[in-house]
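Okay, so here's the structure we're looking at.
The values are calculated or read from the model by the stated rules, or taken from the named source; none is laboratory data. Since this is a predicted model, take the numbers as computed values, not measurements. All Cβ positions, even for glycine, are placed from backbone atoms using ideal geometry, and neighbour counts span all protein chains on display. Side chains are part of the model used for accessible areas, which takes the heavy atoms of the whole protein and leaves out ligands, DNA and RNA. Shrake-Rupley method; radii C 1.70, N 1.55, O 1.52, S 1.80 Å.
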Amino acid sequence: MNKFSWYNAKSVEEALQEVNATVSEALSPKSPEAPAVFKSGGVDLLDLMKEGLVKPHKIININQIEGLDKITYDKKDGLRMGANATLAQIEAHPQIKETYLALHQAVAHAGTPQLRTMASLGGNLAQRTRCWYFRSIHHECLRKGSGTCFARDGENEYHAIMKNGACASVHASSVATALLAFDARVEIQNSKGKKNEVNLADFFVAPGDDSSRENILEADELITAVMVPPTSSKMRSYYMKQGARESYDWALADVAVVAEMSGTTCKKASVALGAAAPVPLLSKPAAQALEGKILDEATASSTAEAAMKGATPLAKNGYKVPLFKSIIKRTILAIA
Amino acid sequence: MDTKKIKLPHGIPGHNLGQIEREVPADEPPAWPVNDELKHVGKRVKRTDAEAKVTGAAKFTSDIQLPGMLYGRMLRSDYPHAKIRSIDMSAAEKHPGVYAVHIFKNVVGMAQPADDDAAGEYPDIKFAGQPIAGVAALTTEIAEEALDLIKVDYEYLPFVVDLEEAQKPEAPLVFTTNVEQDDAGGGGGGDTGLKTVGNVRGPSTSSFYGGPRGDLEKGFEEADTILEQTYRTQVQTHCSLETHGVVVDWKPDNVTIYASTQNTKNVRDEFAEVFDLPKSQVRVIQEYMGGGFGAKHSLGNFGVMAGYLAKKSGRPIKLMLDRREEHISSGNRPNSIHYLKIGARKDGKLTAIQQRSYGTAGVGLGAGVGRIAQIMYESPNFSTEQYDVFTHAGPGAAWRAPGNVQGCYGLEQAMDELAEKLNLDPIALRDVTDTSEIRKVERHRGAETFKWSRRKLPASDPGLIKKGLGMAQSHWPRIVHIDSTAEVRAFRDGAVEIRSAVQDIGTGTKTVLSQVVAEELGLKPEDITVRIGDTLFPDGPPSGGSIVTGSITPPARNAAYKLKLQLFDQVASKLETDASKLAVDDGQIMSTEDPSKKIAFKEALKEMRTGQISATASRSDDYGGFMVGNAIAYGGLGSVQFAEVSVDTETGFVKVEKIVAVHSCGRPINITQIENQINGGVIQGLGYALYEDRVMDNETGHQMNSNFDQYKMPLSLEIPDIEILIVEDYSGRSSTDAYGIGEPANIATAAAVANAVYNAIGTRIFEIPITPEKVLRALNKV
């Protein structure tokens, strides 16, 4: 690992004056000569540094900015989670468990208890893909500036089964899967002090649009909070994840379903899929297959089929299609 | 040699325990009774170093800090096959904080690509990760900066990393001549004198169990049923928590090496040879060890590099590998394509076994499937052909029961299939064809504990998640290392010490030695100071092959016995009795005829004429004489494991719910530590069965998962309920009659799990790891 200097930022404004690159820029050919990048929990950054992919000259520690880890919940306004809130904080929050069950489940299944204690929500959303070609110093892949996706014809057992034409990586965040189903929004502040809000779905960038990044963040921007709309008593949610192992593993497939019910009938639904594509996906066909239906075995099956209809699995990841179908079905039945 | 006759316990308690009379050297101690009648041996004695390990007081190689010490790092090839035209070290050498650089002219030590065509100045590159040069600097970071400044001019060459591709005639060659490699001190290596054609070397057709036997054709003619099947296993990498590494402290008249090694003696000998030093001037210390599963027998090329850097810089060098280096270059369990053809009669008697295997140890040798198929079952007709296939990948090394784990996976599934074909219960089939008494007892005790009788027909469990039960068994030879010596000393201040160069790989050798000496001297294990893992002391056995306990506990006991006799001589007159009438018990030396004539052991030491007394003993041939050449490898340690799994037929996930592991290791010495070993072996077996797999990218020749994130090992939630039964098995072969357990613990697990998966879903999976992908494919869902 390279030598770097350390800067403890006391405020968002201060942090935004010090930074000169996103982590994605710092690992690209476009990197400034002396990259200065943000670190919150440091989970992803440390991994990228250990692999020699990012060599920041300066690390701006935003972890000590006061108030940036605050979680507030209000029945009317919904949930607001500061970007520095750790996954452990979110996991332990009683109202999140009660009101946003799928989010609680997604957070509780991320990483390990140790990692969740360090990992921040903002960092989780901004983390880079775990694609092993991307993570390898020996592979100059599409995402690192070359024209080649090694995974498409290579070792792709953990890779994307949808929207994988340009790059077959999958987004690493499983927390995003749940947040997407809840229609979350991301608050971003820039160096001019301006705050913007974007839908989480618009936060992520597909490789076809720009392969060098996985989200819209610019160098002088920082996630400050994530907001989740209020729920009604008729809303139910559930999240399931299947990794290669039960302990400490990334999702091979994960799914979050949020449904507004009228008796046993689903009036409105959103189905989010993680580890299916280079970005977390909202499946419109799946939501359509649910809406207006009684949540039973048949609906669950047809929703799973609908969700996987457009799948384009690669040579070694065809198993992810039945795997997704199975957990989509089970998630829906868990809500019913 | 004077001899005497003694009667020793013989057989299995609760089954056929009796006695056997053996003629033994006259100075051997009297026979110990069975464990029930002993005080410390066979009991749950707490690890002597438990507290030091838990509190962090224990210093591992990676903790060693010496004054003026520098940090070494190695430059590794990032291409799998190349010639090096030139290397420019000048910028690295000038980098501030760098004290020495070194280029390997030849890569020696473990992980060595046999250097057949290295006529030039630099070694040929044969795998991605092969070390090229090294740097010593004030910090690891500075050393790594310097590595980045080294300019290597490569001529890239075509390569092959896939086992099957490498066998094709058009495949790029790894070696252009016949290959011979030294066995890296207890691990790896292969038969000598075999031919290499293309990338394929072999076949190896014989072992210490002999060569082919009988007439295969006739055997298959006599069979009522013939099973023919091919099984595949993956490459598994060593994942010791402490990586390979050394600290080399080169003083003018003595080199001290702190090494994370399972073989202090071998590290000393290799270092002395490479640097042309007398062995007596090289001292190797391993006080604590953070794990070793076969790949840490040797000095290693990193140890050679550390030696050169220490010599050049005049400073101590610490060179520890990082996790990636560990995965790509420091050894692995070779993969296998394992073909078996087995003929059986209706009653289950085997008529013939034909075996053929191909595997790759990368640039190394030793990719066989072991000898279980040759030894475990009675079959009058047998042949094996085991081939090594070279690929441009990191070298294999010994890995907990080398070959046997791969071989068992195939053989024990074949037996399961055969049982079904013959309409026999898998246990009943083995009762017919396996003559081992210990395994018979283990099968039946295990079956009762496991409730084997609840096993149903394959795939008969209703529902999406199906339960399945399976079993498998294994054989491991009782290997003894003759060059094993222990010294016991007693001091006037009351201290008693045992000393040997034998190292504690982490299994609890220190504790075992304290128990044996304490038992012999009538003291408590905590009264004994164990000083081992230092070549200043007499040579001990390597920690590999489950050799240690069987090799070093008899000399330990015998040295303690001799020392006790010396002490008896010193106190006999004071107690007004004959030394031959003295005995020890509970910290006292007393007359067997008059218990009032006694003295506390520690008091007796205080009154010694000299400050200390000492006795040394070495391992000799087994009682009964089983030595072949320079080693004893006779008879087997049996083990039987049972697995209960549930298989989710929709997601393809296999969960192991329960393992019952039934094991024998002669006379068990420390029950807790044996259980620890079996737990570890089972867990590694689960990793092998379900998760672990070195993923090589065929296009670039790199390992894609050379870290603990992407190389999947079982973690806490993957570990099932493991119930362990230890069966005492006395054979009257030495003064302790004890053997190791490390290797047997690991052999049968994967096959037991695979058989349980078959029982659950009714479709057999012929390749491990059994991932969701393979399960769903087997169920025609992909």
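Quick test for you: out of B:452, B:476, pick the one residue that is over 25 Å from the mean Cα position of the chain (by Cα) and surrounded by 17 or more Cβ atoms within 10 Å (Cβ to Cβ). Working first, answer last.
Values: B:476 fails: over 25 Å from the mean Cα position of the chain (by Cα).
Sole residue among the options that is over 25 Å from the mean Cα position of the chain (by Cα) and surrounded by 17 or more Cβ atoms within 10 Å (Cβ to Cβ): B:452.
List the helices (runs of 4 or more DSSP H) inside region B:367-469, counting only whole elements, that have at least 2 residues being within 30 Å of residue B:295 (Cβ to Cβ) and out of contact with any helix residue (DSSP H, G or I) (no Cβ under 6 Å at 6 or more places or on another chain). Walk me through how you get there before you give the answer.
Details: elements: B:372-375, B:404-421, B:426-433, B:437-450.
Answer list for region B:367-469: B:372-375, B:404-421, B:437-450.
Can you tell me how many residues within region B:117-140 are modelled with pLDDT under 95, more than 17 Å from residue B:160 (Cβ to Cβ) and open to solvent by 20 Å² or more (accessible area, probe 1.4 Å)?
The number of residues fulfilling the criteria is 5.
Specify which of the listed residues (A:70, A:55) is out of contact with any Asp or Glu (no Cβ under 7 Å at 6 or more places or on another chain), without any contact (Cβ under 8 Å) to a residue 24 or more places away in the chain and basic (Lys, Arg).
On the way: A:55 fails: without any contact (Cβ under 8 Å) to a residue 24 or more places away in the chain.
On inspection, the qualifying residue turns out to be A:70.
Those residues that are within 11 Å of chain A (Cβ to nearest Cβ), part of a helix (DSSP H, G or I) and farther than 21 Å from residue B:475 by Cα, I need them from region B:660-699; list them, please.
B:690, B:691
So for region B:217-226 (the condition being among the basic types (Lys, Arg), loosely packed, with under 15 Cβ neighbours inside 10 Å and modelled with pLDDT under 95), does at least one residue qualify? Talk me through it step by step, then tell me what you get.
Let us first name the residues in region B:217-226 that are among the basic types (Lys, Arg), namely B:218.
When the remaining residues are screened for being loosely packed, with under 15 Cβ neighbours inside 10 Å, the result is B:218.
If we keep only those that are modelled with pLDDT under 95 as well, we get none.
So far as region B:217-226 goes, no, none of its residues is among the basic types (Lys, Arg), loosely packed, with under 15 Cβ neighbours inside 10 Å and modelled with pLDDT under 95.
Would you mind telling me which numbered condition in (1) modelled with pLDDT under 95; (2) surrounded by 19 or more Cβ atoms within 10 Å (Cβ to Cβ) residue B:631 fails?
Result: residue B:631 passes all but (2).
Of all residues being open to solvent by 40 Å² or more (accessible area, probe 1.4 Å) and more than 11 Å from chain B (Cβ to nearest Cβ) in region A:116-145, which is farthest from the chain's Cα centre (by Cα)? Just the residue, please.
So the residue we want is A:145.
Return a yes/no flag: does region B:30-37 have any residue that is open to solvent by less than 50 Å² (accessible area, probe 1.4 Å), outside any helix (DSSP H, G or I) and in contact with a strand residue (DSSP E or B) (Cβ under 6 Å, 6 or more places away or on another chain). Give the steps one after another, and end with the answer.
Quick first cut of region B:30-37, residues open to solvent by less than 50 Å² (accessible area, probe 1.4 Å) only: B:31-35.
After this cut, where a residue has to be outside any helix (DSSP H, G or I) as well, the list is B:31-34.
Remaining after also requiring in contact with a strand residue (DSSP E or B) (Cβ under 6 Å, 6 or more places away or on another chain): B:31, B:34.
Within region B:30-37, one or more residues are open to solvent by less than 50 Å² (accessible area, probe 1.4 Å), outside any helix (DSSP H, G or I) and in contact with a strand residue (DSSP E or B) (Cβ under 6 Å, 6 or more places away or on another chain).
Please tell me if residue B:336 is modelled with pLDDT of 95 or more and of a type in the set (Ser, Thr, Tyr).
Working: modelled with pLDDT of 95 or more: yes; of a type in the set (Ser, Thr, Tyr): yes.
Criteria met by residue B:336.
Only one of A:326, A:301 is modelled with pLDDT of 95 or more, within 14 Å of another protein chain (Cβ to nearest Cβ) and surrounded by 21 or more Cβ atoms within 10 Å (Cβ to Cβ). Can you tell me which?
Numbers: A:301 fails: surrounded by 21 or more Cβ atoms within 10 Å (Cβ to Cβ).
Checking each option against the conditions leaves just A:326.
Of all residues being open to solvent by 10 Å² or more (accessible area, probe 1.4 Å), in a helix (DSSP H, G or I) and more than 23 Å from residue B:639 (Cα to Cα) in region B:746-782, which is nearest to the other protein chains (Cβ to nearest Cβ)? Just the residue, please.
Looking at residues that are open to solvent by 10 Å² or more (accessible area, probe 1.4 Å), in a helix (DSSP H, G or I) and more than 23 Å from residue B:639 (Cα to Cα), I get B:773.
In region A:220-254, how many are open to solvent by 50 Å² or more (accessible area, probe 1.4 Å), within 20 Å of residue A:201 (Cβ to Cβ) and either at the interface with chain B (Cβ under 8 Å from one of its Cβ atoms) or polar (S, T, N, Q) (or both)?
Number satisfying all stated conditions: 0.
Within region B:685-721, which residues are within 29 Å of residue B:667 (Cα to Cα), in contact (Cβ under 8 Å) with a residue 40 or more places away in the chain and either open to solvent by 30 Å² or more (accessible area, probe 1.4 Å) or over 22 Å from the mean Cα position of the chain (by Cα) (or both)?
B:720, B:721
If a residue has to be under 23 Å from the mean Cα position of the chain (by Cα) and farther than 20 Å from residue B:342 by Cβ to count, how many in region B:391-439 make the cut?
Within region B:391-439, residues that are under 23 Å from the mean Cα position of the chain (by Cα) and farther than 20 Å from residue B:342 by Cβ number 11.
For residue B:724, indicate whether it is open to solvent by 10 Å² or more (accessible area, probe 1.4 Å), within 14 Å of chain A (Cβ to nearest Cβ) and within 22 Å of the chain's Cα centre (by Cα).
On the way: open to solvent by 10 Å² or more (accessible area, probe 1.4 Å): yes; within 14 Å of chain A (Cβ to nearest Cβ): no; within 22 Å of the chain's Cα centre (by Cα): yes.
No; evaluated as a whole, the condition is false for this residue.
Might you let me know whether region A:257-272 holds any residue that is open to solvent by 20 Å² or more (accessible area, probe 1.4 Å), without any contact (Cβ under 8 Å) to a residue 40 or more places away in the chain and touching a helix residue (DSSP H, G or I) at 6+ places or on another chain (Cβ under 6 Å)?
Filtering region A:257-272 down to residues open to solvent by 20 Å² or more (accessible area, probe 1.4 Å) leaves A:260, A:262-265, A:267-268, A:270.
So of that shortlist, the ones also without any contact (Cβ under 8 Å) to a residue 40 or more places away in the chain come out as A:260, A:262-263, A:265, A:267-268.
Next cut, touching a helix residue (DSSP H, G or I) at 6+ places or on another chain (Cβ under 6 Å) only: none.
No.
Output the number of residues of region A:284-298 satisfying the condition of being among the acidic types (Asp, Glu) and away from chain B (no Cβ under 14 Å).
To start, the set of residues in region A:284-298 that are among the acidic types (Asp, Glu) comprises A:291, A:296-297.
Among the residues that remain, those that are also away from chain B (no Cβ under 14 Å) are: A:291, A:296.
Counting residues in region A:284-298 that are among the acidic types (Asp, Glu) and away from chain B (no Cβ under 14 Å) gives 2.
Quick test of your reading of the structure: residue A:148 fulfils all but one of (1) modelled with pLDDT under 95; (2) within 14 Å of chain B (Cβ to nearest Cβ); (3) in contact with a Pro (Cβ under 9 Å, 6 or more places away or on another chain). Name the failing condition by number.
Unmet for residue A:148, out of (1) modelled with pLDDT under 95; (2) within 14 Å of chain B (Cβ to nearest Cβ); (3) in contact with a Pro (Cβ under 9 Å, 6 or more places away or on another chain): (3).
Residue A:281: aliphatic (A, V, I, L, M) and either within 14 Å of another protein chain (Cβ to nearest Cβ) or open to solvent by less than 10 Å² (accessible area, probe 1.4 Å) (or both), yes or no? First the steps, then the outcome.
Numbers: aliphatic (A, V, I, L, M): yes; either within 14 Å of another protein chain (Cβ to nearest Cβ) or open to solvent by less than 10 Å² (accessible area, probe 1.4 Å) (or both): no.
Taking the combined requirement at face value, the residue does not satisfy it.
How many residues, within region B:242-262, are modelled with pLDDT of 95 or more and open to solvent by 10 Å² or more (accessible area, probe 1.4 Å)? Give the steps one after another, and end with the answer.
Step one: list which residues in region B:242-262 are modelled with pLDDT of 95 or more, which gives B:242-251, B:254-262.
When the remaining residues are screened for being open to solvent by 10 Å² or more (accessible area, probe 1.4 Å), the result is B:242-243, B:249-251, B:254, B:256, B:258.
Of the residues in region B:242-262, 8 are modelled with pLDDT of 95 or more and open to solvent by 10 Å² or more (accessible area, probe 1.4 Å).
Do we find a residue being open to solvent by 30 Å² or more (accessible area, probe 1.4 Å), basic (Lys, Arg) and in contact with a helix residue (DSSP H, G or I) (Cβ under 7 Å, 6 or more places away or on another chain) anywhere in region B:9-26?
no
Assess whether residue B:611 counts as being more than 14 Å from chain A (Cβ to nearest Cβ) and crowded, with 24+ Cβ neighbours inside 10 Å. Quick ask: steps written out before the conclusion?
Values: more than 14 Å from chain A (Cβ to nearest Cβ): yes; crowded, with 24+ Cβ neighbours inside 10 Å: no.
Judged against the criteria, residue B:611 is not a match.
If we scan region A:306-322, do we find a residue that is farther than 20 Å from residue A:277 by Cβ, more than 14 Å from chain B (Cβ to nearest Cβ) and open to solvent by 40 Å² or more (accessible area, probe 1.4 Å)?
Just the residues of region A:306-322 that are farther than 20 Å from residue A:277 by Cβ, to begin with: none.
Taking every residue of region A:306-322 in turn, none turns out to be farther than 20 Å from residue A:277 by Cβ, more than 14 Å from chain B (Cβ to nearest Cβ) and open to solvent by 40 Å² or more (accessible area, probe 1.4 Å).
Can you tell me which residue in region B:280-323 is nearest to residue A:50 (Cα to Cα), limited to those that are out of contact with any Phe, Trp or Tyr (no Cβ under 9 Å at 6 or more places or on another chain) and open to solvent by 30 Å² or more (accessible area, probe 1.4 Å)?
Initially, region B:280-323 is screened for residues out of contact with any Phe, Trp or Tyr (no Cβ under 9 Å at 6 or more places or on another chain), giving B:280-281, B:283, B:291-292, B:296-298, B:300, B:302, B:306, B:322.
If we keep only those that are open to solvent by 30 Å² or more (accessible area, probe 1.4 Å) as well, we get B:280-281, B:283, B:322.
On the way: B:280: 41, B:281: 39, B:283: 34, B:322: 11 Å.
Ranking the candidates gives B:322 first.
When you scan region A:159-171, do you find a residue that is of a type outside the set (Lys, Arg), within 12 Å of chain B (Cβ to nearest Cβ) and either more than 26 Å from residue A:238 (Cβ to Cβ) or surrounded by 24 or more Cβ atoms within 10 Å (Cβ to Cβ) (or both), even just one? Give the derivation first.
First, the residues of region A:159-171 that are of a type outside the set (Lys, Arg): A:159-162, A:164-171.
Those still in the list that are within 12 Å of chain B (Cβ to nearest Cβ) too: A:159, A:161.
Still in the list and also either more than 26 Å from residue A:238 (Cβ to Cβ) or surrounded by 24 or more Cβ atoms within 10 Å (Cβ to Cβ) (or both): A:159, A:161.
There is at least one residue in region A:159-171 that is of a type outside the set (Lys, Arg), within 12 Å of chain B (Cβ to nearest Cβ) and either more than 26 Å from residue A:238 (Cβ to Cβ) or surrounded by 24 or more Cβ atoms within 10 Å (Cβ to Cβ) (or both).
Name the residue, out of B:727, B:647, B:640, B:660, that is closer than 26 Å to residue A:323 by Cα and either in the same structural domain as residue B:463 (by TED's automatic domain parsing) or among the polar types (S, T, N, Q) (or both).
Going through B:727, B:647, B:640, B:660 in turn, the sole match is B:647.
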